[in-house]
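Worksheet for the structure shown next.
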Amino acid sequence: MEKPLKLIIEALLFASPDPLSQKEMGNCLPEIPLLEIKDALAELQVDYQALDRSFTVEEVAGGFHLRTKSFYAPYILKMLRNSPARLSRAALETLAIVAYKQPVIRQEIERIRGVDAGGVLRTLLEKNLVKIMGRKAIPGRPLIYGTTRKFLEVFDLKNLDSLPKLKEISDLIPSMESPHQTSIQEQIEQEKEGKDGKLQVETKQDERNDI
């Protein structure tokens, strides 16, 4: 007996450690139109909502993922006997600058923060929250940084357009009320407003040594 499409989709989501796009699901089900896959996903979301399950299907990072509801996080953490990995204030500041100004070079980050960013960028690269996008076509050809798909997953964002307004990132960086933090926020806003041209990029693969 053939199983309903939504159960097949559910099995794919359950088995995947990363969000799956509708196209990726379609690659597993070439005989099924994408519209039917979309409808099956919508059915799953309605089913989980109606049953009030501890998990749901969320659209995140350009795909769909089975995720436990935040209410149950404390119980899961007790089971894992692990605290969630936390980012330092410096890392959050740097990540915010990269997210809102990308593509961005290290010198621009350091100009906004007023301190060296090499170590923090290295940490963000290791955590796969930031990636190297290429090199800027200026003397020295500095590396250009942007955020990754994992960044979207970690912060539960569908895409970069889902980023909160800059005035809302005080929730992310509690010390944003200090004069130094406000300056960072204002500089990001000012530079973003005045940034009309596009960077000329030469794509590089896995270049992570110039930080």
* **Pairs, first in contact (Cβ under 8 Å) with a residue 12 or more places away in the chain in segment 41-53, second of a type in the set (Asp, Glu), C-beta under 8 Å, six or more apart** => LEU44/GLU10
* If GLN185 satisfies every condition in (1) at pLDDT 85 or above; (2) surrounded by 16 or more Cβ atoms within 10 Å (Cβ to Cβ); (3) part of a helix (DSSP H, G or I) but one, which is the exception? -> (1)
* Using the structure shown, decide if VAL115 is surrounded by 16 or more Cβ atoms within 10 Å (Cβ to Cβ), among the aliphatic types (A, V, I, L, M) and either out of contact with any strand residue (DSSP E or B) (no Cβ under 8 Å at 6 or more places or on another chain) or under 18 Å from LEU160 (Cβ atoms) (or both). => no
* Please work out which one of (1) at pLDDT 90 or above; (2) within 30 Å of ALA117 (Cα to Cα) is the condition ASP18 fails and give its number. => (1)
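The values are calculated or read from the model by the stated rules, or taken from the named source; none is laboratory data. Every value quoted in this text rests on a predicted model; they were computed, and no experiment measured them. Cβ coordinates were reconstructed from backbone atoms using ideal geometry, including for glycine residues, and neighbour counts include every protein chain displayed.
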